[in-house]
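Written out below as structure tokens is the structure these notes cover.
The values are calculated or read from the model by the stated rules, or taken from the named source; none is laboratory data. Owing to the predicted nature of the structure, the values given are computational and were not obtained by experimental measurement. Here the Cβ positions follow ideal geometry from the backbone for every residue, glycine too, while neighbour counts run over all protein chains shown. Note: accessible area is taken over every heavy atom of the protein model, side chains too, but ligands, DNA and RNA are not part of it. Shrake-Rupley method; radii C 1.70, N 1.55, O 1.52, S 1.80 Å.
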Amino acid sequence: VTTDDTDAERAFDALVRDLDAAMVVVTTAAEGERSGCLVGFHSQCGIEPRRYAVWLSRINHTFGLAGRAHTFAVHLLDEGDTDLAELFGGRSGDELDKFSRCTWAPGPDGVPMLAGVRAGFVGRRVSFTDVGADHHCLVLDPVNAWRDGDPSRMLTLRGAHGIEAGHPE
Ligand SMILES: Cc1cc2nc3c(=O)[nH]c(=O)nc-3n(C[C@H](O)[C@H](O)[C@H](O)COP(=O)(O)O)c2cc1C
């Protein structure tokens, strides 16, 4: 949001804030490299077959690797997962190795699975599309979902609003 924004843009930003999207961390690996970032732009986008869309910013380190990767893990964060949200949303793989600062294990196709995250899924890339915006649309085929224990409160935009993106807009 800048001082140049129009009233219409500010009204749009306010209503999207009201949606209070859930926060997820998307990780991936290719050719021995790993990457991952906090994502608020994501949604199921197909029923039969099931499909899930994740939007990645062109400027992120994760974007560069995503173009070469086939398997992704989408981690659903709980309210208590603020350390992960800050690491993956507030820092960039261009400046540090996030995976040396958290606990993880290789999952299917070597995708990094973050320890202690209660729910999520692994998905394989179906498409990665430039729609003419600053984020590209990564569509995943969910192959393997996990959900441990009772659902607790998810971390949403409201809980993550203090995090300044590691790669600014
Ligand atoms: C609340 C919040 C939501 C975000 N949503 C997205 C998103 O939907 N897609 C995206 O590519 N980056 C999103 N980001 C930005 C990245 O998570 C952030 O710039 C990160 O540091 C990029 O890391 P990387 O350069 O290692 O990929 C979001 C950041 C925050 C704080």
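Each Cα pair under 8 Å and six or more residues apart adds its separation to the average, and for the chain the resulting relative contact order is 27 percent. Which of ASP134, ASP94, ASP13 moves most in a GNM of the chain, Cα contacts under 10 Å? Top of the fluctuation ranking is ASP13.
Figure note: MET154, MET23 ranked by solvent-accessible area, largest first, 1.4 Å probe, ligands and nucleic acids not counted: MET154, MET23.
Going by alpha carbons, how many degrees (0 to 90, nearest 10) lie between the helix axis of 7-19 and the longest principal axis of the chain? Approximately 40 degrees, to the nearest 10. Of ALA133, ALA11, ALA21, the residue with the greatest mean-square motion in the GNM of the chain, using alpha carbon springs below 10 Å, is ALA11.
Eigenvalues of the alpha-carbon gyration tensor of segment 30-109, scaled by 5 and square-rooted, set the equivalent ellipsoid semi-axes at 21, 16, 13 angstrom, largest first. Using all Cα-Cα distances in segment 79-169, what percent lands in each 10 angstrom bin from 0 up to the longest? For segment 79-169, the pair-distance distribution reads 13, 35, 46, 7, 0. Using a probe of 1.4 Å, the accessible surface attributed to THR129 totals some 60 Å² when neighbouring protein chains are kept in position. Computed on the chain, the Cα convex hull volume stands at 128 Å³ per residue. Taking a point 7 Å out from the Cα of ASP20 in the direction of its Cβ, the residues of segment 120-163 whose backbone N falls within less than 19 Å of it are 151-163.
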